[in-house]
2 protein chains.
Amino acid sequence: MKKALTFDVGGTKIYSAIINENGEIISEIEKNSTPNTFDEIKSLFEQIIKKYENEVDVIAFSTCGAVNNQNNGILGSTGNIAKDYPKMQFKSLSSKPVYVENDANCAAWAEHITGASKGCANSVMLTLGTGVGGGIIVDNKLLKGKNGAAGEMHFKMYCDKRRKCTCGAWDCFEIYASGKGLKITAEEISKNQNITTYDVIDGIKSNDELMVKIFNRWQSDITQGIIGLANIFDPDCFVLSGSMAEFVDTKKIEKNVNDEIVTTPTKIFKAQAGNYAGMIGAALLAFSKGGCLG
Amino acid sequence: MKKALTFDVGGTKIYSAIINENGEIISEIEKNSTPNTFDEIKSLFEQIIKKYENEVDVIAFSTCGAVNNQNNGILGSTGNIAKDYPKMQFKSLSSKPVYVENDANCAAWAEHITGASKGCANSVMLTLGTGVGGGIIVDNKLLKGKNGAAGEMHFKMYCDKRRKCTCGAWDCFEIYASGKGLKITAEEISKNQNITTYDVIDGIKSNDELMVKIFNRWQSDITQGIIGLANIFDPDCFVLSGSMAEFVDTKKIEKNVNDEIVTTPTKIFKAQAGNYAGMIGAALLAFSKGGCLG
């Protein structure tokens with residue numbers, strides 16, 4: 001059975017592990033903090049690759065940032081990682097084939113092959129974390145667009161400039177549906193700048209009226225975004241992943257979405273591929289392409 | 001060269017013509033008003049098919065309503081045509097193969113093969129008429145979704161219930177970007193219930209300050225919607241078609257979209273496949289499928 005040395009590259013952590021064709025993690029997961037500079041990041045990659053490349057068939061990266069359609073490099077800039085990280089020449093890191101894909105796309109693929117959206121030809125995954133990631137499967141393939149940047153969840157929730165999004169534009173879905181969005185919603189409704197997402201999550205557990213109101217507003221915003229996506233894609237299902245997804249009421253969202261859409265009924269699931277879905281998806285994608293891009 | 005007898009079925013008119021494999025209309029275009037009842041519509045189809053079916057290889061319908069993935073019937077209900085029209089058994093109308101597709105999808109396909117988006121693997125067509133239609137091409141194929149209903153342009157422009165959309169939900173793109181949306185925008189800004197879209201269009205030609213303000217607001221709403229779609233699809237281009245599209249400033253929209261998106265630069269074109277794009281697209285789709293669904 002083929003094996004992949006797999007990396008999950010984020011702004012704060014870089015994980016690595018060996019994964020087999022079944023999507024099973026068959027090594028210890030090595031966890032490193034993301035170094036500050038390009039050279040240090042590259043050197044960390046090289047060091048781990050040197051250690052394991054003889055044991056594997058392919059190297060697979062699940063990374064922050066949009067990845068090109070050749071699956072060998074990053075398009076444009078990424079948020080909170082070294083500014084010149086997008087210049088990384090991934091193919092040059094190993095003599096083995098190297099495959100690179102965006103982390104949300106990788107996670108969506110893991111859900112599609114082994115997780116919540118298994119068996120669904122058309123699905124939309126939303127990663128609700130500090131920000132919002134998107135991975136869209138159309139007809140059993142990742143939606144990449146002309147250059148590979150598709151699946152960005154930056155569509156408007158309002159057109160009258162209320163909240164500035166991290167992308168620089170106004171009122172994107174991300175700045176309402178993310179953890180950061182929940183914090184802003186909480187500030188707006190409570191009129192308290194010091195309120196945290198933990199306060200809201202704790203509050204709903206004890207049925208605190210104000211916290212429930214805040215949470216429902218946030219969940220309603222997620223629902224409104226999903227309605228638009230359901231009308232655009234007519235997908236079999238949505239998969240909600242990420243640290244904030246565990247708190248949402250998928251049955252309630254599903255009902256409200258299906259009550260309003262003009263397309264055909266869809267389903268809302270929580271992710272099932274686990275915390276390492278990105279690495280698993282990257283490995284499975286690399287295997288499915290035969291690692292031919294190295 | 002193969003020929004298709006092609007219909008364009010709308011709420012007010014039913015057109016028909018014979019179209020060849022080059023997408024050329026090679027007959028007179030027969031124009032009928034859409035009858036009120038299912039039986040009368042069916043009988044009109046039968047009468048025209050009887051007259052021409054021996055001359056053609058396939059029958060192709062470009063129709064209002066979402067069409068299933070088998071391209072032989074309509075999903076759910078459609079707006080302003082006989083309530084039971086969706087029950088039409090299209091295959092039973094002829095001994096020749098019969099192919100059915102949604103009118104916006106057909107028009108998008110015509111633009112893709114012979115029009116403004118020719119050569120673009122990924123494009124989004126928006127038909128700006130009384131309502132808004134959508135046809136999305138992903139990787140040289142029509143985006144249909146799990147049941148065929150994809151491409152509905154009912155995503156939110158606001159989440160605080162300002163305008164009721166024709167679909168019954170609130171604040172969809174359609175109720176801002178359509179001709180009806182322009183009328184509502186004009187009423188809101190002018191505080192005059194009797195203002196018409198003609199007043200606005202005439203007014204911008206004479207540079208009337210109020211009318212320019214109304215028009216710019218409408219065009220800005222279209223721009224905001226396109227920004228979201230560009231971030232979701234990373235398409236090569238958008239094609240604007242329909243009666244309202246001729247008035248928009250595509251260069252201005254393109255600049256504003258590209259200034260704001262997080263994906264890669266896209267282009268905005270006006271449609272080029274003409275008034276009969278629906279019929280042309282239906283014929284070309286039927287040929288490309290080999291008419292095998294009859």
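The values are calculated or read from the model by the stated rules, or taken from the named source; none is laboratory data. Keep in mind that what you see is a predicted model, and the values were worked out from it rather than measured. When we count neighbours, we look across all protein chains shown, and the Cβ atoms used for this are built from the backbone with ideal geometry, even at glycine. All accessible areas refer to the heavy atoms of the entire protein, side chains included, with ligands and DNA or RNA removed. Shrake-Rupley method; radii C 1.70, N 1.55, O 1.52, S 1.80 Å.
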Study note, to complete from the structure: Note on segment A:262-274: residues of a type in the set (S, T, N, Q) and either touching a Phe, Trp or Tyr at 6+ places or on another chain (Cβ under 9 Å) or surrounded by 24 or more Cβ atoms within 10 Å (Cβ to Cβ) (or both) are A:Thr263, A:Thr266
Review point. When you look at B:Ile214, is it buried (at least 23 other Cβ atoms within 10 Å of the Cβ) and either within 20 Å of the chain's Cα centre (by Cα) or part of a loop (DSSP other than H, G, I, E, B) (or both), yes or no?
Key: no
Check your understanding: Can you pull out the residues in segment A:135-158 that are under 14 Å from the mean Cα position of the chain (by Cα) and under 10 Å from A:Ala121 (Cα atoms)?
Key -> A:Ile137
Review point. So which of A:Gly225, A:Gly203 ends up being in a helix (DSSP H, G or I) and touching a residue at least 60 places away in the same chain (Cβ under 8 Å)?
Key: A:Gly225
Review point. Hey, among A:Ile49, A:Ile14, A:Ile81, A:Ile41, which residue is in a loop (DSSP other than H, G, I, E, B) and either at pLDDT 95 or above or open to solvent by less than 20 Å² (accessible area, probe 1.4 Å) (or both)?
Key: A:Ile81
**Study point:** All positions within segment A:231-257 that are touching a residue at least 60 places away in the same chain (Cβ under 8 Å) and over 22 Å from A:Ala110 (Cβ atoms)
**Key:** A:Asp234
Revision key, fill the gap. Filtering segment A:84-101 down to residues that are closer than 19 Å to A:Lys13 by Cβ and open to solvent by 20 Å² or more (accessible area, probe 1.4 Å) yields A:Pro86
Check your understanding: Under the condition of being open to solvent by 10 Å² or more (accessible area, probe 1.4 Å) and within 21 Å of B:Gly281 (Cβ to Cβ), which residue from segment B:220-249 is nearest to the other protein chains (Cβ to nearest Cβ)?
Key -> B:Asp236
Exercise for review: State which residue is farthest from the other protein chains (Cβ to nearest Cβ) when the search covers only segment B:250-261 and only residues that are open to solvent by less than 60 Å² (accessible area, probe 1.4 Å) and within 19 Å of B:Ser123 (Cβ to Cβ).
Suggested key: B:Thr250
Check your understanding: Does segment B:145-164 hold any residues that are open to solvent by 10 Å² or more (accessible area, probe 1.4 Å) and more than 7 Å from every other protein chain (Cβ to nearest Cβ), and which are they?
Key -> B:Asp160, B:Lys161, B:Arg162, B:Arg163, B:Lys164
**Study point:** Condition check for B:Ala60: more than 30 Å from B:Ala230 (Cβ to Cβ) and in contact with a helix residue (DSSP H, G or I) (Cβ under 6 Å, 6 or more places away or on another chain)
**Key:** yes
**Study point:** Selected residue (criterion: nearest to the chain's Cα centre (by Cα)) from residues of segment B:99-134 that are of a type in the set (Ser, Thr, Tyr) and more than 16 Å from B:Ile268 (Cα to Cα)
**Key:** B:Thr130
Practice item. Among the residues of segment A:55-70, write down those that are closer than 16 Å to A:Lys87 by Cα and either at pLDDT below 95 or open to solvent by 10 Å² or more (accessible area, probe 1.4 Å) (or both). Key: A:Cys64, A:Gly65, A:Ala66, A:Asn68, A:Asn69, A:Gln70
Check your understanding: Are any residues in segment A:133-144 open to solvent by 20 Å² or more (accessible area, probe 1.4 Å), closer than 14 Å to A:Phe233 by Cα and part of a loop (DSSP other than H, G, I, E, B), and if so, which ones?
Key -> A:Asp139, A:Asn140
**Study point:** Selection status of B:Ile280, out of contact with any Asp or Glu (no Cβ under 6 Å at 6 or more places or on another chain), closer than 20 Å to B:Gly23 by Cβ, β-branched (Val, Ile, Thr) and modelled with pLDDT of 95 or more
**Key:** yes
Review point. Can you tell me which residue in segment A:1-11 is most open to solvent (accessible area, probe 1.4 Å), limited to those that are part of a strand (DSSP E or B) and under 16 Å from A:Pro86 (Cα atoms)?
Key: A:Asp8
Exercise for review: For residues that are more than 14 Å from every other protein chain (Cβ to nearest Cβ) and either assigned to a loop (DSSP other than H, G, I, E, B) or of a type in the set (A, V, I, L, M, F, W, C) (or both), scanning just segment B:165-183, find the one that is surrounded by the most Cβ atoms within 10 Å (Cβ to Cβ).
Suggested key: B:Ser178
Exercise for review: Answer yes if at least one residue in segment A:100-113 is in a loop (DSSP other than H, G, I, E, B) and either away from chain B (no Cβ under 11 Å) or out of contact with any Asp or Glu (no Cβ under 7 Å at 6 or more places or on another chain) (or both), and no otherwise.
Suggested key: no
Check your understanding: Inside segment A:116-132, can you point out the residues that are open to solvent by 10 Å² or more (accessible area, probe 1.4 Å) and away from every other protein chain (no Cβ under 12 Å)?
Key -> A:Ala116, A:Lys118, A:Thr127, A:Gly129, A:Thr130
